[in-house]
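This report concerns only the one structure given below.
The values are calculated or read from the model by the stated rules, or taken from the named source; none is laboratory data. Note that the coordinates shown come from a computational prediction; the quantities given were computed from them, not determined experimentally. Here the Cβ positions follow ideal geometry from the backbone for every residue, glycine too, while neighbour counts run over all protein chains shown.
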Amino acid sequence: MKWTKEVKEIVIYITACVAMLYSLQGNAALPIQKIQLDTGATLLFVEARTIPIIDIGIDFVGGVARDPKGKIGTSAMTASLLNKGSVIDGKVLNEADTVDSISDLAATVNFSSSVDSSSMRIRSLSKAQVLEPLITQVQSMLANPIFDSKILEREKILEINALKDSDSKPNVMVSKQFRKMIYKNNPLGNEETVNSIQAIQVTDLKKFHQNYYQAKNANVLIVGDLNKEKAIQIGMQLTEKLPKGNDFYPEVFLLERSPVAPLSQREVTLSNPSQQAHIQMGMTGIARNDPDYYSLLVGNYILGGGGFVSRLMTEIREKRGLAYSVSSYFYPGKNSGIYLATMQTRKDQANQAVQLMRESIQEFIQNGPSDSEVEGAKNNLTNGFALRIDSNRKLLENISSIAWNDLPLDTLDTWTASVQQVSKSSIKEAFKKHLDMERMVTVVVGEK
């Protein structure tokens, strides 16, 4: 069989990825270099020469939590329109031209907004004839977006239709009600509505862009086939035309610990014609830099994060057949996080399943895990660590978390050792400290 040039490149890419995976099994991660750029932005760079690909990201302070009151969705709409037209070298590049030019370079450029941040991600070949024009174009998208009013109206209609379509879905209903009970009036719980989307105007996008897409509030993340000097050059070019940010100081949103309350005040049941009852149970949680993070990570693997080997799966599915899937997670944030346990079951057995979930979590809080469970969880987590960083893209997202949460630069190098240091007693102490069944809220969507 005669291989084409494209097939050969794919084979080389796959072979390189496999080689990278095996090399990472022996070495936790490539070193992260942190550099303060003259623009005010912070660059975090990893040189990875295994494949001729570069992944680039920028994380800005500013997301849904910082949307203007009554106009929730502004951050997401701002991100959505950044790749739909910009001014480059005095010339207007419309939406179609932007899409075509990026496609011609075989690159990807994405913008997004999360709870507390707005982000950009690029993937490109590392060769100069592709990378250089791409960076020039993305610089204009970041610094000189058009924010066309007609495109905004189109995107608003699409978002409103999506909201109307999703609001009756049980998985959306349970998530929104859970967030409402956990976050209350905290901006971290901001939710889009039809009215809030309708209220957004071009001036709102321009103001959000000016206030939050600032160089001094930006973490530039670069992983791939280039040297330090080239990484600095790219970081500078992407941020040099952004507002410097001298007059803006971002707020810090702290989520209060869930209050103790009677079960009747912590449980909500909503009707839905779905065949299944959708259930979420949880409370406020920890920040990522909390010293108990690793004990909670290992403990939750045993309780609900380890798939078929977890306690919740064993008690609720394997022994009693009350749910096909049940799991639990700690979602740590920069300043606050949440703990969430979730499952689906038949409507006629929802009460029984919820009660068993409560009992299983309570028993774990009270008595903790066994020695064998701890060793098994630590081995599974550490043996699977290489899969967390087996590509440039995954490595970049890990670096993003390190930068965003103010973690040590050697976090990836010490991750497995930190997991192995967890003990049965540290898990028990951490769960008693951070989880309390009298603070847990429960949402069930679907009645008999």
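Please pick out the residue among SER119, SER149 that is under 26 Å from the mean Cα position of the chain (by Cα) and either of a type in the set (Ser, Thr, Tyr) or surrounded by fewer than 20 Cβ atoms within 10 Å (Cβ to Cβ) (or both).
Within the list SER119, SER149, the selection yields SER119.
Tell me the residue from MET20, MET1 that is modelled with pLDDT under 90, surrounded by 14 or more Cβ atoms within 10 Å (Cβ to Cβ), out of contact with any Phe, Trp or Tyr (no Cβ under 7 Å at 6 or more places or on another chain) and among the aliphatic types (A, V, I, L, M), please.
Of the residues listed, the single one that is modelled with pLDDT under 90, surrounded by 14 or more Cβ atoms within 10 Å (Cβ to Cβ), out of contact with any Phe, Trp or Tyr (no Cβ under 7 Å at 6 or more places or on another chain) and among the aliphatic types (A, V, I, L, M) is MET20.
So which residues in the range 51-63 are modelled with pLDDT under 95 and either out of contact with any strand residue (DSSP E or B) (no Cβ under 9 Å at 6 or more places or on another chain) or closer than 29 Å to PRO187 by Cβ (or both)?
Correct list: VAL61, GLY62, GLY63.
I'd like the residue in the range 302-313 that is in contact with a Phe, Trp or Tyr (Cβ under 8 Å, 6 or more places away or on another chain) and assigned to a helix (DSSP H, G or I) and, out of all such residues, is nearest to ALA403 (Cα to Cα).
Among them, the one singled out is GLY305.
In the range 177-201, what count of residues is obtained for those that are buried (at least 16 other Cβ atoms within 10 Å of the Cβ) and assigned to a helix (DSSP H, G or I)?
11
How many residues are part of a loop (DSSP other than H, G, I, E, B) and touching a Phe, Trp or Tyr at 6+ places or on another chain (Cβ under 6 Å) if we restrict to the range 215-227?
Total satisfying the criteria: 0.
Please return the ranges of strands (runs of 3 or more DSSP E) entirely within the range 65-148 where 2 or more residues are at pLDDT 95 or above.
Output list reads 108-113, 117-125.
What pairs come up if the first residue lies in the range 203-217 and is farther than 12 Å from THR74 by Cα and in contact (Cβ under 8 Å) with a residue 24 or more places away in the chain, the second is surrounded by 24 or more Cβ atoms within 10 Å (Cβ to Cβ) and among the aromatic types (Phe, Trp, Tyr), and their beta carbons are under 6 Å apart, counting only those six or more places apart or on different chains?
Correct list of pairs: TYR213/PHE60; ASN217/PHE60.
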